[in-house]
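Read-outs throughout are calculated quantities, based only on the coordinates presented, and are distinct from any laboratory measurement. These figures come from a predicted structure and were not determined experimentally. We place every Cβ from the backbone using ideal geometry, glycine too, and count neighbours over all the protein chains shown.
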Amino acid sequence: MKVEFTVNGDRRTVEVEPRRTLADALREDLGLTGTHVGCEHGVCGACTVLVDGEPVRACLMFGVQADGASVTTVEGMAGEDGSLHPLQEAFSTRHGLQCGFCTPGMLMSALDLLNREERPCRARIREELSGNICRCTGYVGIVDAVEAAAGELGTGAEPA
């Protein structure tokens, strides 16, 4: 089935079987391997992308459901010149990643939060990211990174 949607600002057309997930279409058909597939049950959050501005588990959504939609993946966060988004930079400088497997989903969930809330407190950041599993960091660096990025973006207070 032919599906047409916008991915990271570019209009794309792919041929997908109706049972193929959005995660597989992004990774295998479009080469956007930043969307990671972990549990394939929607539990771990590694495959989180934004569809029409809303966070979605790409392993639970069929590619055909994205027809006509706007999809943002972690690759779409960087600037056109390749510069890192303030969230990506903060994850790097604040040690918000170790193995990196959960990072794309964490970044997309955090981006959604910062798009919706001007001043998320640490408890709110933890609550919003609770649907994303990280087995390496203990989450402190991740929360620090989101808090720092909020300050950088001018949407929150600088971390203490």
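Filter the trypsin sites (Lys or Arg not before Pro) in the stretch 1-43 to those in DSSP coil with at most 16 other Cβ atoms within 10 Å of their Cβ, and list the result. Qualifying residues, ordered by number: ARG19. Loop-located trypsin sites (Lys or Arg not before Pro) in the stretch 75-160 (DSSP state not H, G, I, E or B) with no more than 11 neighbouring Cβ atoms inside 10 Å: ARG135. The alpha carbons of the chain give a radius of gyration and a Dmax of 15.4, 52 Å, in that order. Model label points for GLU40 and GLU54, set 7 angstrom from Cα along the Cα-to-Cβ axis, are 2.6 nm apart.
Between SER83 and GLU28, the simple label model (points 7 Å from Cα in the Cβ direction) yields a spacing of 3.8 nm. Normalised by 2.2 N^0.38 Å, where N is the number of residues, the alpha-carbon radius of gyration of the stretch 70-160 equals 0.98. Hand me the GluC sites (Glu not before Pro) from the stretch 33-84 located in a DSSP loop with no more than 15 other Cβ atoms within 10 Å, in residue order please. Those that pass, being in a loop and sparsely packed, are GLU40, GLU80.
Per residue, the average separation of C-alpha pairs within less than 8 Å and at least 6 apart gives the chain a relative contact order of 23 percent. Report the calculated FRET efficiency for GLU17 and ARG135 (r = Cβ-Cβ distance, R0 = 45 Å), to the nearest 0.05. That pair, GLU17 with ARG135, gives E of 0.90.
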